[in-house]
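These notes concern the structure reproduced below.
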Amino acid sequence: MTTPDISIKLAGIPMKNPVMVASGTFGYGPEYAPLVDLAKLGALVVKGISPEPWRGNPTPRTVEVASGLINAIGLQNPGAEGFLRDYLPFLRKFDVPVIVNIWGRTIEGYAAVAARLSQAEGIAALELNVSCPNIKEGSKSFGSNADMFKRVVAATRAVTKLPLIPKLAPDVFRIGEFARIAEAEGADALAITNSVPAMAIDIETRRPKLANVTGGLSGPAIRPIAVRLVWEAAKAVKIPIIGIGGIYSAADALEFFIAGASAVAVGTANFLEPTTALTVADGLRDYLARHKLGSIHELVGTLAC
Ligand SMILES: Cc1cc2nc3c(=O)[nH]c(=O)nc-3n(C[C@H](O)[C@H](O)[C@H](O)COP(=O)(O)O)c2cc1C
């Protein structure tokens, strides 16, 4: 049998394989370039960019817990101009789609950063991080309120022709509703999901382990949650889904494909083994060969139940 084909076209973007690296776990590229051949990644999603530079939260910002990591980095980043000046020229040297994760503190902020990045050459798509508070509207997160979510997707869609990939938050009651809103507002794909709100306490001092008190849980602990969210969303929409949450191996990634994802992204695992995305891609090929499947498409959404 010929080698199975794991190349995909997602939201119009050709990718050599369906395994990306997730925002915030792979820096902006240069940090990992000495360790991983960037051109072998399906796509590289950079850490969230806002209109202006942002300092993030005080330390400690991360804490390890059972089967995962809680982080409260607070979206530190160099801002749109800093990214375009200091990182995009480096990334352009590699034959890999660059997806820029964006966020704002207001709907206008999202539109501003999307519009600015859309003027640049070398960005394949924008991923919308909606797991951050709207400072104009009671600090509720954009991704947990259907009306605010609809407005932020619409406002961003209005200013860019780049493929738009809203990243759905895990802490919503009905993910299918958010998936449908994104699709109706012109999203090209969905990323599911972000880290799960969480906290950890030092019982001797009775103090929170993170300076920010709460943070986002990622890693294997959240994988079953993410798989369920992907499955629910895939039933609700036709646009492709990128499955994210605790993927450390090909076996982990395969659950997402079977649940309905067309691609996956590796996050926290990059901190332990920066080449995880590449070994996951190799493992997908082996699985397809073993199951006599010619392409990854033949596997997507094939859950038997
Ligand atoms: C340290 C850290 C920073 C992150 N920063 C971002 C970010 O800037 N934007 C974003 O949308 N998601 C961010 N994430 C979430 C990841 O992209 C991913 O959705 C989440 O960690 C779940 O996947 P994982 O369990 O494989 O890590 C971050 C995660 C971690 C651990």
Study note, to complete from the structure: Counting only residues that are more than 7 Å from the ligand (Cβ to nearest atom), open to solvent by 10 Å² or more (accessible area, probe 1.4 Å) and within 16 Å of the chain's Cα centre (by Cα), the range 237-251 contains a total of 3
Practice item. Of the numbered conditions (1) in contact with a Pro (Cβ under 9 Å, 6 or more places away or on another chain); (2) assigned to a loop (DSSP other than H, G, I, E, B), Gly143 fails exactly one; give the number of that condition. Key: (2)
Exercise for review: Might you check whether a residue that is within 16 Å of the ligand (Cβ to nearest atom), open to solvent by less than 10 Å² (accessible area, probe 1.4 Å) and of a type in the set (S, T, N, Q) occurs anywhere in the range 217-236?
Suggested key: no
Revision key, fill the gap. Per the list (1) in contact (Cβ under 8 Å) with a residue 24 or more places away in the chain; (2) more than 13 Å from the chain's Cα centre (by Cα); (3) more than 20 Å from Ser141 (Cβ to Cβ), residue check on Ile225 breaks on (3)
Review point. Restricting the search to the range 160-179, which residues are buried (at least 16 other Cβ atoms within 10 Å of the Cβ) and either within 14 Å of the chain's Cα centre (by Cα) or more than 16 Å from Thr193 (Cβ to Cβ) (or both)?
Key: Thr160, Leu162, Pro163, Leu164, Ile165, Pro166, Lys167, Leu168, Ala169, Pro170
Check your understanding: Could we say that Ala259 is away from the ligand (no atom under 13 Å from the Cβ) and aliphatic (A, V, I, L, M) here?
Key -> yes
Revision key, fill the gap. Residue pairs within 6 Å by beta carbon, gap of at least six or interchain, first lying in the range 68-81 and under 16 Å from Arg105 (Cβ atoms), second away from the ligand (no atom under 12 Å from the Cβ) and of a type in the set (Val, Ile, Thr), listed first then second, are Ala80/Val113
Review point. If you take just the strands (runs of 3 or more DSSP E) that sit entirely in the range 1-50, which of them hold at least 2 residues that are in contact (Cβ under 8 Å) with a residue 12 or more places away in the chain and crowded, with 23+ Cβ neighbours inside 10 Å?
Key: 19-21, 43-49
Exercise for review: Of the numbered conditions (1) in contact with a helix residue (DSSP H, G or I) (Cβ under 8 Å, 6 or more places away or on another chain); (2) within 14 Å of the ligand (Cβ to nearest atom); (3) open to solvent by less than 10 Å² (accessible area, probe 1.4 Å), Pro78 fails exactly one; give the number of that condition.
Suggested key: (3)
Check your understanding: In the range 262-305, what residues are open to solvent by 70 Å² or more (accessible area, probe 1.4 Å), over 15 Å from Leu41 (Cα atoms) and either modelled with pLDDT under 95 or more than 16 Å from the ligand (Cβ to nearest atom) (or both)?
Key -> Asp286, Arg290, His291, Lys292, His297, Glu298, Leu303, Ala304, Cys305
Exercise for review: Any residue in the range 273-284 that's assigned to a helix (DSSP H, G or I): show its pairings with residues that are surrounded by fewer than 16 Cβ atoms within 10 Å (Cβ to Cβ) and not hydroxyl-bearing (Ser, Thr, Tyr) at Cβ separation under 8 Å, as long as the two are six or more apart or on different chains.
Suggested key: Leu278/Asp37; Thr279/Glu273; Gly283/Ala251
Practice item. Would you mention how many residues in the range 129-161 are within 16 Å of the ligand (Cβ to nearest atom) and aliphatic (A, V, I, L, M)? Key: 3
Check your understanding: Which residues, counting only those in the range 292-304, are closer than 16 Å to Phe256 by Cβ and not small (Gly, Ala, Ser)?
Key -> Leu293, Ile296, His297, Glu298, Leu299, Val300, Thr302, Leu303
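The values are calculated or read from the model by the stated rules, or taken from the named source; none is laboratory data. This one's a predicted model, so the numbers in the text were calculated from it and none came from an experiment. So basically every Cβ, Gly included, is an ideal-geometry build from the backbone, and we count neighbours across all protein chains shown. For the accessible areas, the whole protein counts, side chains as well, though only heavy atoms, and no ligand, DNA or RNA atoms are used. Shrake-Rupley method; radii C 1.70, N 1.55, O 1.52, S 1.80 Å.
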